[in-house]
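The values are calculated or read from the model by the stated rules, or taken from the named source; none is laboratory data. No experiment lies behind these values; they were computed from the predicted model shown. Every residue, glycine as well, gets a Cβ built from its backbone with ideal geometry; the counts of neighbours run over all protein chains shown.
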Amino acid sequence: MQGILFEYELNPTTWVYLSSLLIVGIYFKFRRFWSIRNLDLVGLIVFSPGLLMVYRGLQAELEPAANVQSGQWLEQIGYIWLFSVGAFFLVRLLLDPVLVRRPLLEPNLSAGGLTFTGVALLIFLMSNVLNPKTAEPVELGRPSHERLEHVLARQKPPVREGPGYPPFRAFARASNDALLPAGEGDAEKPRPGLTQAVASQAAVIVVHLALLIGIVLIGYRHFDNIHTGVATATLYLLLPYTAQMTARVDHVIPAALLVWTVAVYRKPVVAGVLLALAAGLIYYPLYLLPLWCSFYWRRGLFRFVAGVIGMLALMALLLLLSPESLGTFGQQLQRMLGLMNPLTAELAGFWQYHSEVFRIPVLAAFVALCAGLALWPAQKNLGTLLSCSAAVMLGAQFWHAHQGGIHMAWYLPLLLLTVFRPNLEDRVAVTAVKEGWGRWRKGRPGRVDAGS
C-alpha cells in the first residue's frame, strides 16, 4: 500500500484512536445514552488498550536493546486487562437470554454508507495481507507499522504444541512464518516458498470474505434486516483487533466456520459438519456440543450428531492416510481431540507468569459452565445459540495455555451478532428445523416426536 499511497502506514496506536472515534460516530446512540448497546460499544473499545500493551510488551522483549523485564511487566498487564474486559463480556453474554426487550437501534449511517465503509476497510486490510512487510527500517531495525501478528510470528512455537489438527497447525505455522521479514526467524528452518506464501494469503482473503458474507447473511435471513448484517460486518472490520491480526489463519478460519454454523442452523447436518470441522481444527469448539445438542433436542438431534461424528471421522481418516502420521497416529488423534494433560502444556502469554495449578479450577469452572448450558436456559432459540456460543468460546480464553485472550476472532463475530440481534424467541428448533430422518406423525396433526 505504501507504493500507492505516499507514506501510508497502519500504526497500531493510531488505528486504535481512529477506529474508536469511527465506532462512536457510526454506532453510538446519543439519544439513548444509557442503553446496553452503548455499553457494549464502550466495552469493545476498551479491549484496545490491552491489545496495545501486549503488543508493546512483546515487542520490547524481542528487541535486543530493550528492557526485557519492563516488556514482560507490560505484557502481563495487557493480558490482565484483556481478561478483565473478557470477564465483563462473559457475564453480559450469559445474561443476554433474559434481555427480552431489544428495540431496533440502527446505526447512524445508512446501509449504503456502511457498505462503502466496509468495502474500503476490507481493501485496506487485505492489502496488508498481500504486502505485510516493509523494507524501510527504523531505529531498532523494525518496521514502524509492525502489527501484533508480526511480533507473534517472531516468537518460537512451544516445544509441546497444544491441541488441534496437526496439518492445520503446520499450515498456520507456515503462514505465520511468511509474515517475517527476510533473514528473521529460525535459521535452521527453511523460509516458506512463494507457492506456500500465496496459498496462505489467498486462504486468508477468501476466509475473511466468507466470514463477512456469513455475518451479512445472518442479518438478512435470520434477523430480517440486511442493514443490521452490514453494520455488524463493518464493525468487525473497524475493530483494532481485526487490523492487528488480519493474516492469522488460525484465528479467522475457525471464526468463519462458527459464523456459518449459525447461518445454517436450520440444517442440522450441515451445522454439525461445520461445527465438527471447527472443533477438529482447533479443538475448543467441542465444548459447544452440549449447548447445540440441547438446542436440537426436540428436533434435529440425530442429524446434528451424525454430521458431527461423520466430519470428525473423516478428519481422523485423512489424518491416518497422511504420511506424517506413520507411527504417531494415536498421538496426533489425541491432539486433534484435545486428549492431553493440561498440566503438561507449554505456557505462553498470561499463564507463563502465573502458576499453572490455578488453571485447573478455571478449567473445571469452564467445563461446568458448558455442561450447565445443556440445561439452561431450558427453551433455547437462535439468540441463545449466538450468545451462549460466544460465551463458551470467550470462556476458553481464560485457560488457553498459549496466549489465551488474544484469540478474539473465535468469539468476536458471535459477540457482535449478539449485540445487534433482535428478539429471536420464535426461532426454536421445532419451528425452524424441518422434519427429517425417522420422522412420522402419530395421533392428532401437529404432534412432534422428540429426538429426531
_Here is a check on your reading of the model: is Ala111 in contact with a helix residue (DSSP H, G or I) (Cβ under 6 Å, 6 or more places away or on another chain) and surrounded by fewer than 19 Cβ atoms within 10 Å (Cβ to Cβ)?_
yes
_Test: residue in the stretch 299-317 that is of a type outside the set (Val, Ile, Thr), crowded, with 20+ Cβ neighbours inside 10 Å and in contact with a Lys or Arg (Cβ under 8 Å, 6 or more places away or on another chain)_ = no
*Any residue in the stretch 241-249 that is charged (D, E, K, R) and closer than 15 Å to Leu382 by Cα?*
no
*Report, by residue number, each residue of the stretch 68-119 that is without any contact (Cβ under 8 Å) to a residue 60 or more places away in the chain, under 22 Å from Val230 (Cα atoms) and among the hydrophobic types (A, V, I, L, M, F, W, C).*
Phe116, Val119
*Starting from residues that are surrounded by 19 or more Cβ atoms within 10 Å (Cβ to Cβ) and modelled with pLDDT under 95, keep the ones in the stretch 70-86 and report whichever is farthest from Val54 (Cα to Cα).*
Leu74
*Kindly establish whether Phe89 is within 28 Å of Gly219 (Cα to Cα), at pLDDT 95 or above and in contact with a helix residue (DSSP H, G or I) (Cβ under 7 Å, 6 or more places away or on another chain).*
yes
*Which pairs have Cβ atoms under 6 Å, sit 6 or more apart or on different chains, and link a residue in the stretch 43-65 that is modelled with pLDDT under 90 to one that is surrounded by fewer than 20 Cβ atoms within 10 Å (Cβ to Cβ) and among the small types (Gly, Ala, Ser)?*
Ala60/Ala66; Ala60/Gly71; Glu61/Gly71
*From (1) free of Cβ contacts under 8 Å to residues at least 12 places away in the same chain; (2) within 23 Å of Tyr265 (Cα to Cα), pick out the condition that doesn't hold for Val305.*
(1)
*the stretch 342-375, residues that are outside any helix (DSSP H, G or I), of a type outside the set (Gly, Ala, Ser) and under 24 Å from the mean Cα position of the chain (by Cα)*: Glu346, Leu347, Leu373
*Which residues, taken from the stretch 319-341, are touching a residue at least 24 places away in the same chain (Cβ under 8 Å), assigned to a helix (DSSP H, G or I) and not hydroxyl-bearing (Ser, Thr, Tyr)?*
Leu319, Glu324, Gln332, Arg335, Met336, Leu337
*Single condition Ala378 does not satisfy, out of (1) at pLDDT 85 or above; (2) part of a helix (DSSP H, G or I)*: (2)
*Among the numbered criteria (1) of a type outside the set (A, V, I, L, M); (2) at pLDDT below 85; (3) in contact with a Leu (Cβ under 7 Å, 6 or more places away or on another chain); (4) closer than 19 Å to Trp15 by Cα, which single criterion is violated by Thr134?*
(3)
_Condition check for Ile45: β-branched (Val, Ile, Thr), closer than 21 Å to Ala409 by Cβ and crowded, with 16+ Cβ neighbours inside 10 Å_ = yes
_Take Leu109 and tell me if it is closer than 24 Å to Asn423 by Cβ and at pLDDT 95 or above._
no
